[in-house]
Amino acid sequence: MNTKKILGIFICMLVMTMIPVAAGATTNNTETGKIGWTTLQGFTLTQPKQVNGGALISFKCLFVHYVSQGLGQRVTGIRYGGQEMVIPANFNGILMNHMILGWCIGALEF
């Protein structure tokens, strides 16, 4: 066999082995990790209530700004106009009837 055929077979085998790797690289993991933090500040429309057996806190936002810093990834945004926000119960800070200001451990998925 000449070298062009051998090289062609070798490249074909490399491409065939890369297909499963590329297909598995597109999965999305939506679990929150303990690495990072999320800061929240703003005003809420409704009083905070506990959901999921007290593991989460839910409220509707009037205007809430959040910054979620993970491992190499930073997500910022605004929730407003009655959009619902759910945060973990390990929230540290001020969470009053119509005001939120503080942070929680873990980078939240928004």
Contour excess over end-to-end distance, with Cα ends at Thr17 and Phe43 and 0.36 nm allotted per residue: 4.1 nm
Heavy atoms of Lys49 accessible to a 1.4 Å probe, total area in Å² rounded to 10: 120 Å²
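The values are calculated or read from the model by the stated rules, or taken from the named source; none is laboratory data. Remember, it's a predicted structure, so these values are computed and weren't measured experimentally. For accessibility, only protein heavy atoms count, side chains too; no ligands or nucleic acids. Shrake-Rupley method; radii C 1.70, N 1.55, O 1.52, S 1.80 Å.
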